[in-house]
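Here's the structure, in structure tokens; my notes come after.
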Amino acid sequence: MAVNLTVLSALMYGAMLAYLAAFAALVSGRRRLGIGSYLCGFGLALTAFVMRWFQVGHVPLQNLFEVFLCLGMLSYPLSAFCRRFLRAGGAAMDALVGFILLFPAAFVFDAQPWALPPLLRSWLFGPHVGAYVLAYVILFKASVQALRALFSGGEPGASRRASYELGTYRLIRLGFPLLTLGLLLGAVWGKMAWGDYWNWDPKELWGLVMWLLYVGYFQFRAMFGPRYLRINCAVAVAGSVVIVITLLWVNLAVIFAGLHSYAS
Amino acid sequence: MRAEGDTVRQCSRAGGASRPEQWAGLVAIALLAGVSVVGAFLAPGRMRAALNSPQGAVLVFLLAGLLVARLLRFKTVVRSPWLLPVYLGPLLILLGAMYGSEVGHEVARRFLRGSKVSRGYMFIPEGSESSDILDTDLSRRIGKLPFNLRLHDSRIDYYQPRDSRWDLVVLAPSAGDDPQTITIRREQIEWALGEEASVPSIGAAVRVLSYLEGARPVFAEGAEPLLEVIGADGQVARIRAEAGRQVSVKEPEATVRVMEVIEALQQAAWLPSWVDTALKVEVERADGAAVIVYVVPSPGTQSKGPDGLKLRYILPKPIGAEADPDAGVPAMEILVTYGGRQIHEWLIARKDRGYVELSLEGPRRERGDDEGTYADVPPSLVLVEPTAQVRDYKSDIEVVERGEAVARKVIGVNRPLHYGGYHLYEHSFDHPPGQFAVLLVTSDSGLWLVYAGFGLLCLGVFWWCWAKPAYAYLTRRGGRDGG
């Protein structure tokens, strides 16, 4: 863990503090303070993201540091959208997730800016990684809703469970097209860069597993609706596990040899 | 009021999908996912080989068959927009993939008189033409392109270094297992102006006193390059080291003349960095015979001229450096603490050399008769140009058909050439540019089917997941407000 003192880091630490404060305020019932703090955090994170964009001269989605910075930045706008239109998710939990997403960016990953290597100099870079980043955040939120459904115990919790399950479904429905887009854009980019739209790379295969998992989720829910709530939610949570595997394990573990090794 | 999940279920029920059919779909999805997980742990080549085998081909056909069956059975498909592209898309992708696979090309060659190679490589020396498609080792020809490719130029583009600050590194000798070999380890020094930084490997410290981005050496007042001529009788004469200067010597009887001051000398690393000249000196004897001697500045040594004459090129050491924006190379003033001593030096770079080195004589050791270890090689500090980062690998290639040039493109990574049913990719990453290019060749058979499938699948998914619910939400709201 390394604390470093640049403007970018300061903005990120500030955003993290604001998210944490928002969580605390919202959990203790101080809604206006909580939302205000959350918005503050978003402002700081957005400034950091834009600053990074200018600093590196291209869309900052090239390494794990930048991806997690983006994820942390998207926390508030996504939360607002989902609460307003999908009636899913709670601001407190969203703020905490924002804090959690910024943590590795602020303290773990290497922030060294690097000029784009030849392989990443493509117009598809932004859309491919961007679609995936947004999809991950949404699907992660869905998993949180699914966990809430699973842990709302007892008979009195039944209607709450149902509403959490519906929220999970709506969030997965929101994120799935982005997942699809990310997967297909990746294939098109693969054709441009490596000569083939499918290379049997571990990252591609885990991406396919992730996609198929949610296809299976929709298929099962089409067959049975919200009746088997536990199974629906378990699949949604499993989706998060696969996201973590795809995002981190594939890049960082030596057992997966492939084309996607991150420059981090 | 119907719950949203129910809407989906009623649609699929209305489409006539029986429960067994739905289960078949779920099982197929689970199986595919399982195969993918297994595949992720295997080497990429194995999956590709497995799917191109007869058993693999059967599996793929089965999957395609499932999708076709689903489509044919579904009466609602025609009426329900969102289902058709979602099933048709993957089917087209599968068909395109099969057509474009190794097996697909093999089948086309055997039964459909196809002549395309699905994948291969090309090796083209600069200035030559070729149409041969080679295997991975570039050793065996596996096919031919229906046209020739000429390579005009292959090069690497670099980024301008964002931070123009030069790096400071230490070259530290260390013992290997074999006492005859010396390993030199290069380590980066994290330096900052005005601060003391530790020098790894040799237990020293360096403080950067000043750093000038563009700088030139500064000499002391009255100091100038001189040629010192020492006769056999010990008489010393000094003339300015300038072309045309000369001096007559009595013992031996000769005229010593500076012919030329050679600038931009190709250096040996043992010469101090600020030395970039040598003198071309002519010694003309009384009988008219002349000898050319080259005198290199090196403190303390003398060039031996003919007949006992000694020549010495005295080149003053710069006392510092001053800013010169046109110089294009930096200078750094450092204070090194090493081996109990303090060394105050300037590292002044020269334009045509990307580094300047300062040798650090360590604490002297008593040498035995058979000593001669790594400890005798002093470490050095080097101010070195930052390594440039590659921006792109490029090849300027031209398509030649029946002797006529028909297309030309500078291809790079992410920018292949698409011509005559093939994609041609830049593939020479390991080789120095300017000699030849290695290209990757892939057939585009089935590609448009695959892309059409991608488009349809995307369309279907976005429609079903975003557009349809958004439309329902908006019409519900409109109904509520209006009604």
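The values are calculated or read from the model by the stated rules, or taken from the named source; none is laboratory data. None of these values were measured; they are calculated from a predicted model. Cβ sites come from the backbone with ideal geometry, for glycine too, and all protein chains shown count toward neighbours.
Looking at A:Leu102, A:Leu139, just one residue is in a helix (DSSP H, G or I), crowded, with 21+ Cβ neighbours inside 10 Å, more than 14 Å from chain B (Cβ to nearest Cβ) and modelled with pLDDT of 85 or more, and that residue is A:Leu102.
Against the numbered list (1) over 35 Å from the mean Cα position of the chain (by Cα); (2) modelled with pLDDT under 90; (3) not in a loop (DSSP other than H, G, I, E, B), B:Asp233 comes up short only at (3). Among the residues of region A:147-195, those that are of a type in the set (A, V, I, L, M) and away from chain B (no Cβ under 12 Å) comprise A:Leu147, A:Ala149, A:Leu150, A:Ala158.
Taken across region A:238-246, residues that are over 18 Å from A:Leu134 (Cα atoms) and crowded, with 20+ Cβ neighbours inside 10 Å do not occur at all. Restricted to helices (runs of 4 or more DSSP H) entirely inside region B:15-121, those with at least 2 residues that are within 13 Å of chain A (Cβ to nearest Cβ) and modelled with pLDDT under 85 are B:19-41, B:44-52, B:54-73.
There is at least one residue in region B:177-186 that is at pLDDT 85 or above, within 21 Å of the chain's Cα centre (by Cα) and not in a loop (DSSP other than H, G, I, E, B).
Residue-by-condition table, conditions (1) over 21 Å from A:Ser122 (Cβ atoms); (2) surrounded by 16 or more Cβ atoms within 10 Å (Cβ to Cβ); (3) touching a strand residue (DSSP E or B) at 6+ places or on another chain (Cβ under 8 Å):
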{"position": "A:Leu33", "(1), (2), (3)": "yes, no, no"}
{"position": "A:Gly36", "(1), (2), (3)": "yes, no, no"}
{"position": "A:Gly41", "(1), (2), (3)": "yes, yes, no"}
{"position": "A:Thr47", "(1), (2), (3)": "yes, yes, no"}
{"position": "A:Phe65", "(1), (2), (3)": "no, yes, no"}
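Taken together, the residues in region B:432-458 that are modelled with pLDDT under 90 and small (Gly, Ala, Ser) amount to 1. Do the conditions hold for A:Trp198, that is, is it over 17 Å from the mean Cα position of the chain (by Cα), at pLDDT below 95 and either facing chain B (nearest Cβ under 8 Å) or surrounded by fewer than 20 Cβ atoms within 10 Å (Cβ to Cβ) (or both)? So A:Trp198 fits the description; yes.
Only one entry in A:Leu139, A:Leu119 is out of contact with any Gly (no Cβ under 6 Å at 6 or more places or on another chain) and either of a type outside the set (Lys, Arg) or more than 30 Å from A:Gly34 (Cα to Cα) (or both), namely A:Leu119. Against the criterion of being touching a residue at least 40 places away in the same chain (Cβ under 8 Å), closer than 30 Å to B:Gly214 by Cα, more than 8 Å from chain A (Cβ to nearest Cβ) and surrounded by fewer than 19 Cβ atoms within 10 Å (Cβ to Cβ), B:Glu398 does not qualify. Per the listing A:Phe42, A:Phe65, the residue uniquely within 16 Å of the chain's Cα centre (by Cα), part of a helix (DSSP H, G or I) and farther than 28 Å from A:Arg170 by Cα is A:Phe65.
Would you mind stating whether B:Gln188 is under 30 Å from B:Arg391 (Cβ atoms) and polar (S, T, N, Q)? In short, yes. Would you mind stating whether B:Arg353 is basic (Lys, Arg), in contact with an Asp or Glu (Cβ under 8 Å, 6 or more places away or on another chain), assigned to a loop (DSSP other than H, G, I, E, B) and at pLDDT below 80? Answer is no for this residue.
Residue check: B:Thr136 meets all listed conditions (1) among the polar types (S, T, N, Q); (2) touching a strand residue (DSSP E or B) at 6+ places or on another chain (Cβ under 7 Å); (3) over 23 Å from A:Asn199 (Cβ atoms) but one, namely (3). Looking for something in a helix (DSSP H, G or I) and under 13 Å from the mean Cα position of the chain (by Cα) - is there at least one such residue anywhere in region A:150-169? Checking region A:150-169: not a single residue is in a helix (DSSP H, G or I) and under 13 Å from the mean Cα position of the chain (by Cα). Kindly indicate whether any position in region A:116-123 is touching a strand residue (DSSP E or B) at 6+ places or on another chain (Cβ under 6 Å), closer than 30 Å to B:Val438 by Cβ and in a helix (DSSP H, G or I). Checking region A:116-123: at least one residue is touching a strand residue (DSSP E or B) at 6+ places or on another chain (Cβ under 6 Å), closer than 30 Å to B:Val438 by Cβ and in a helix (DSSP H, G or I).
Residues in region B:117-133 that are surrounded by fewer than 17 Cβ atoms within 10 Å (Cβ to Cβ) and either of a type outside the set (D, E, K, R) or within 19 Å of A:Trp194 (Cβ to Cβ) (or both): 4 in all. Restricting A:Gly72, A:Gly89 to residues that are surrounded by 22 or more Cβ atoms within 10 Å (Cβ to Cβ) and at positive phi narrows the list to A:Gly89.
Give me the residue from region B:412-467 that is within 11 Å of chain A (Cβ to nearest Cβ), among the aliphatic types (A, V, I, L, M) and not in a helix (DSSP H, G or I) and, out of that set, nearest to the chain's Cα centre (by Cα).
Restricting to residues being within 11 Å of chain A (Cβ to nearest Cβ), among the aliphatic types (A, V, I, L, M) and not in a helix (DSSP H, G or I), the top hit is B:Val413.
Scanning region A:68-92 for residues that are within 14 Å of chain B (Cβ to nearest Cβ) and not in a helix (DSSP H, G or I) gives A:Arg87, A:Ala88. Got at least one residue in region A:108-122 being more than 21 Å from A:Ala24 (Cα to Cα) and of a type in the set (S, T, N, Q)? The answer is yes; a qualifying residue exists. With respect to (1) more than 12 Å from chain B (Cβ to nearest Cβ); (2) in contact with a Cys (Cβ under 8 Å, 6 or more places away or on another chain); (3) part of a helix (DSSP H, G or I); (4) buried (at least 20 other Cβ atoms within 10 Å of the Cβ), the lone exception for A:Ala95 is condition (2).
Restricted to region A:201-228, and to residues that are in contact with a Leu (Cβ under 8 Å, 6 or more places away or on another chain), at pLDDT 90 or above and more than 7 Å from chain B (Cβ to nearest Cβ), which residue is surrounded by the most Cβ atoms within 10 Å (Cβ to Cβ)? The extreme case among them is A:Met210.
Considering only region A:61-83, I want to know if a residue exists there that is within 30 Å of A:Ser163 (Cα to Cα), at pLDDT 95 or above and among the aromatic types (Phe, Trp, Tyr).
no
Just to be sure, is B:Glu213 over 30 Å from B:Val261 (Cβ atoms) and either of a type in the set (D, E, K, R) or touching a residue at least 24 places away in the same chain (Cβ under 8 Å) (or both)? Answer is no for this residue. As an exercise: evaluate B:Glu366 against (1) over 28 Å from the mean Cα position of the chain (by Cα); (2) modelled with pLDDT of 85 or more and give the number of the one condition it does not meet. Unmet condition: (2).
So which residues in region B:204-230 are under 33 Å from the mean Cα position of the chain (by Cα) and not in a strand (DSSP E or B)?
The initial filter retains those residues of region B:204-230 that are under 33 Å from the mean Cα position of the chain (by Cα), namely B:204-208, B:210-216.
B:Glu213, B:Gly214 - these are the residues of region B:204-230 that are under 33 Å from the mean Cα position of the chain (by Cα) and not in a strand (DSSP E or B).
Scanning region A:105-136 for residues that are among the hydroxyl-bearing types (Ser, Thr, Tyr) and either closer than 18 Å to A:Phe176 by Cα or more than 14 Å from chain B (Cβ to nearest Cβ) (or both) returns A:Tyr132, A:Tyr136.
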